[in-house]
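Below: the structure, in structure tokens.
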Amino acid sequence: MHFDEYRKHDATALAALIAKREVSPAEVLETAIARAEQVNPAINAIVHKQYERARKEIAAGLPGGPLAGVPYLIKDLAFLDKGEPARLGSSLFNDYVADHDSAYLTRCRKAGLVIFGRTSTPEFGLNPTTEARLYGPTRNPWNLEHSPGGSSGGAAAAVIAGVLPVAHATDGGGSIRIPAAQCGLFGLKPTRARISMAPDAGEGWGGLSVGHVVSRSVRDSALMLDCTAGTEPGDPYAAPTPERPFVEELKRPAKKLKIAMMLQDHRGAKLHPECEKAVRGAAKLCASLGHIVEETDPKLDLAALRPLNATIAAANVARNLGLRWRALGRDPNPADVERGTWAVYQRGLKVTGVQYVEAMAAIHAAGRRMAAFLSSFDVILSTVLAGPPPKLGYLDQNGDPAVFAERVNAYLSVTPLHNATGTPAMSVPLHWTTDGLPVGVHFAGRYGEEATLLRLAAQLEQAQPWFDRVPAL
């Protein structure tokens with residue numbers, strides 16, 4: 001299979017070709033590996049190769065799942081693959097090898113996916129860019145001087161560079177939607193608890209974090225959700241059960257939606273001109289498709305909510321780092337982690353039990369207010385970020401922690417809100433700057449209603465296709 005042909009297909013189409021025996025899983029894998037070897041020296045997206053294991057899995061015979069034979073990459077964070085490293089972007093985990101599979105990996109393999117490596121992430125997923133000290137910067141294939149976003153930047157860079165059509169990602173503050181926005185991909189953050197964290201956690205970062213994918217097509221995202229969503233024994237809670245498979249939702253007639261359009265960022269400031277163009281353009285497109293668009297917002301104090309998310313995340317990070325140091329039999333050492341990570345660890349140690357409970361109560365209250373607002377609207381339309389992709393080095397986790405924190409706070413826009421409320425949200429690639437950099441558009445929906453977002457995304461994808469818009473890398 002030649003690369004030019006390979007790149008014309010999403011995962012759904014590749015699986016269909018394999019099922020019809022028009023191409024073999026081995027041929028598809030070798031095409032993906034060849035492309036990875038060609039572009040990875042430039043973009044630094046893949047940080048661990050499992051090529052030989054993938055070849056052996058194909059030779060041994062794959063399950064007859066809906067994605068049988070499709071190549072796949074796992075983000076190198078908290079989803080474990082037995083016998084493979086999971087470094088979490090940190091030298092502190094440099095010699096860690098998983099002794100069991102995460103439930104997510106089991107579901108991926110049951111679907112027939114062929115896992116052939118792991119993608120880069122910033123240390124512990126704490127940065128909206130992917131520039132881990134351990135691995136060096138991951139570069140945006142649209143312009144190698146710019147960030148691909150984070151923390152799923154390696155996944156997004158690999159997908160838009162043509163290594164594969166869909167890749168694993170996670171989102172604790174925007175980490176699916178941010179790299180999707182910066183790389184010109186579709187990125188859906190599912191409802192809280194849609195994807196199980198079993199067996200290692202009941203929830204990610206107090207329920208802020210959830211896993212899924214970045215993809216070139218909407219239907220791949222829907223199919224991956226069908227393959228990997230659902231509870232595991234012992235999960236503390238579950239997302240609402242969908243009425244039907246998400247892939248089937250894409251075939252249903254689109255409903256006329258009432259869309260709330262936000263034309264300000266999380267601080268109430270005017271949007272960056274490119275972001276405003278993106279939002280207004282998306283609003284116009286939605287209106288042309290028969291939807292009602294009204295300028296308003298849920299009146300939540302996003303600036304006040306941001307530090308509460310940070311409190312929850314910092315306490316979880318402090319716990320996880322403490323567990324690792326104890327497992328290694330040594331005392332905490334700032335040299336083991338990046339400067340920004342150490343600052344988060346120190347903050348986390350100071351969080352009291354009462355402060356943690358107060359932060360959890362506040363994000364749950366925000367979820368109630370969001371639900372009340374979305375009783376009058378179906379979807380919220382906004383920018384994903386406060387500007388186009390920044391240059392590498394701007395969000396420096398090893399620089400002055402105060403400068404880093406201020407820049408992150410300014411650059412992130414609405415994405416952390418929907419981690420707090422647990423509501424599904426997505427970045428849709430509908431705008432590029434005059435310099436050719438992607439700017440994603442953000443849509444958020446009601447708790448448990450990914451189907452509404454996926455149907456809207458499919459409608460937008462048909463009206464303004466983006467699949468063939470790829471960088472010349």
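Are there strands (runs of 3 or more DSSP E) fully within segment 202-303 with at least 1 residues that are of a type outside the set (A, V, I, L, M), in contact with a His (Cβ under 8 Å, 6 or more places away or on another chain) and at pLDDT 95 or above? List them.
Values: elements: 210-215, 258-261, 292-295.
By residue number, 210-215, 258-261.
Go through segment 413-440 and report how many residues are in contact with a Pro (Cβ under 8 Å, 6 or more places away or on another chain) and of a type in the set (Ser, Thr, Tyr).
1
Going through ALA366, ALA372, ALA361, ALA402 one at a time, which residue ends up being in contact (Cβ under 8 Å) with a residue 40 or more places away in the chain, assigned to a helix (DSSP H, G or I) and not basic (Lys, Arg)?
Result: ALA366 is the single residue among ALA366, ALA372, ALA361, ALA402 that is in contact (Cβ under 8 Å) with a residue 40 or more places away in the chain, assigned to a helix (DSSP H, G or I) and not basic (Lys, Arg).
Counting just the residues of segment 439-473 that are assigned to a loop (DSSP other than H, G, I, E, B) and of a type in the set (Phe, Trp, Tyr), which one comes out nearest to VAL379 (Cα to Cα)?
Initial filter on segment 439-473 (assigned to a loop (DSSP other than H, G, I, E, B)): 446-449, 464-473.
Then drop every residue that is not of a type in the set (Phe, Trp, Tyr), which leaves 447, 466-467.
On the way: TYR447: 11, TRP466: 22, PHE467: 24 Å.
Step by step, filter segment 439-473, then rank; the result is TYR447.
If you scan segment 337-358, which residues turn out to be in a helix (DSSP H, G or I) and of a type outside the set (A, V, I, L, M)?
Step one: list which residues in segment 337-358 are in a helix (DSSP H, G or I), which gives 339-349, 353-358.
Answer for segment 337-358, where residues must be in a helix (DSSP H, G or I) and of a type outside the set (A, V, I, L, M): ARG339, GLY340, THR341, TRP342, TYR345, GLN346, ARG347, GLY348, GLY353, GLN355, TYR356, GLU358.
Which one of the conditions (1) under 20 Å from VAL408 (Cβ atoms); (2) free of Cβ contacts under 8 Å to residues at least 60 places away in the same chain; (3) in a helix (DSSP H, G or I) does ALA313 fail to meet, given that it meets all the rest?
(2)
Could you grab me the full set of residues in segment 319-358 that are exposed (fewer than 11 other Cβ atoms within 10 Å of the Cβ) and either closer than 17 Å to LEU308 by Cβ or touching a residue at least 60 places away in the same chain (Cβ under 8 Å) (or both)?
Residues satisfying the conditions are THR352, GLY353, VAL354, VAL357.
What helices (runs of 4 or more DSSP H) lie completely within segment 1-63 and have 3 or more residues being within 25 Å of the chain's Cα centre (by Cα) and either buried (at least 19 other Cβ atoms within 10 Å of the Cβ) or at negative phi (or both)?
On the way: elements: 3-6, 11-19, 25-43, 51-60.
Counting at least 3 such residues, we get 11-19, 25-43.
Counting just the residues of segment 254-288 that are over 23 Å from PRO388 (Cβ atoms) and touching a Leu at 6+ places or on another chain (Cβ under 8 Å), which one comes out surrounded by the fewest Cβ atoms within 10 Å (Cβ to Cβ)? Walk me through it before giving the result.
Going through segment 254-288, the residues over 23 Å from PRO388 (Cβ atoms) turn out to be 254-260, 287-288.
Restricting the remaining residues to those that are touching a Leu at 6+ places or on another chain (Cβ under 8 Å) gives 254, 257, 259-260.
Details: ALA254: 16, LEU257: 21, ILE259: 21, ALA260: 21.
Filtering first and then ranking leaves ALA254.
When you go through (1) under 25 Å from GLN464 (Cα atoms); (2) aliphatic (A, V, I, L, M); (3) crowded, with 18+ Cβ neighbours inside 10 Å one by one for LEU300, which number turns out not to apply?
Going through (1) under 25 Å from GLN464 (Cα atoms); (2) aliphatic (A, V, I, L, M); (3) crowded, with 18+ Cβ neighbours inside 10 Å one by one, LEU300 breaks only (1).
Residues checked against (1) touching a strand residue (DSSP E or B) at 6+ places or on another chain (Cβ under 7 Å); (2) modelled with pLDDT under 95; (3) polar (S, T, N, Q):
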| site | (1), (2), (3) |
| --- | --- |
| SER102 | no, no, yes |
| ILE115 | yes, no, no |
| THR121 | yes, no, yes |
| PHE124 | no, no, no |
| ASN127 | no, no, yes |
| ASN140 | yes, no, yes |
| ASN143 | no, no, yes |
| SER152 | yes, no, yes |
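Assess whether GLY174 counts as being in a loop (DSSP other than H, G, I, E, B), closer than 25 Å to ARG53 by Cα and among the small types (Gly, Ala, Ser). I'd like the intermediate steps shown before the answer.
Details: in a loop (DSSP other than H, G, I, E, B): yes; closer than 25 Å to ARG53 by Cα: no; among the small types (Gly, Ala, Ser): yes.
In short, no.
When the residues of segment 405-428 are narrowed to those that are in a strand (DSSP E or B) and touching a strand residue (DSSP E or B) at 6+ places or on another chain (Cβ under 6 Å), which ends up farthest from ASN127 (Cα to Cα)? Reasoning before the result, please.
From segment 405-428, those in a strand (DSSP E or B) are 412, 425-428; that's our starting set.
After this cut, where a residue has to be touching a strand residue (DSSP E or B) at 6+ places or on another chain (Cβ under 6 Å) as well, the list is 425-428.
Values: ALA425: 19, MET426: 19, SER427: 18, VAL428: 21 Å.
Result: VAL428.
The values are calculated or read from the model by the stated rules, or taken from the named source; none is laboratory data. Since this is a predicted model, take the numbers as computed values, not measurements. No Cβ is skipped: glycine too gets one built from the backbone with ideal geometry, and neighbour counts run over all protein chains shown.
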